[in-house]
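A short write-up of the structure that comes next.
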Amino acid sequence: MLGRPWNALILNVLQEGSLRFSELSERAKGPGDKVLSSRLKELEAQGLLVRQVDAGPPVRVSYELTRAGREFGELAQAIERWGRELVQEVKPRRR
């Protein structure tokens with residue numbers, strides 16, 4: 001699931017909160033609309049985000065993380081911290 005191109009980026013961008021498709025596309029800066037749409041459907045099917053439709057008018061569709069999706073953010077931050085610490089430990093040894 002997270003090994004699929006763009007999934008981790010999409011989940012990371014949605015950590016900011018609920019976003020409409022156009023906002024998500026603008027912030028993700030990478031996947032085209034077709035790929036983004038496909039990945040959003042996959043992540044929704046896996047229970048990591050929900051698609052919310054406001055009947056409007058105008059109709060508005062937004063995406064928001066579920067609890068499991070938000071927990072991904074915590075995990076990603078922990079991995080990022082670990083990576084930074086590892087780099088700091090390895091740098092002095094290489095000199």
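Every number here is computed from the coordinates shown, using simple stated rules; none is lab data. On a predicted model such as this, the values are computed, not experimentally measured, just so you know. Cβ sites come from the backbone with ideal geometry, for glycine too, and all protein chains shown count toward neighbours.
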Sequence order, the range 39-45: Karplus ³J(HN,Hα) from phi using 6.51 cos²θ - 1.76 cosθ + 1.60, θ = phi - 60°, Hz rounded, Gly and Pro as x, gives 5, 4, 4, 4, 5, 5, 5
Please state the relative contact order of the chain as a whole percent: Cα pairs under 8 Å, 6+ residues apart?
-> 27
Under a 5 Å amide H to amide H cut-off, with H placed in plane at 1.01 Å, what residues pair with L49 once short-range neighbours are removed?
-> E44, T66
With θ set to phi - 60° and the Karplus curve 6.51 cos²θ - 1.76 cosθ + 1.60, what are the ³J(HN,Hα) couplings of the range 12-29 in order, to the nearest whole Hz, using x for Gly and Pro?
-> 5, 4, 6, 4, 5, x, 5, 9, 6, 3, 5, 5, 5, 4, 5, 6, 6, 6
Roughly how many nanometres apart are two label points built 7 Å out from the Cα toward the Cβ at R51 and E64?
-> 1.7
Shape of the chain, Cα gyration tensor, a/c cut at 1.5 = prolate
Nearby aspartates and glutamates by direct alpha-carbon distance to K34 (threshold 13 angstrom, same-chain neighbours under 8 apart not counted) = E42
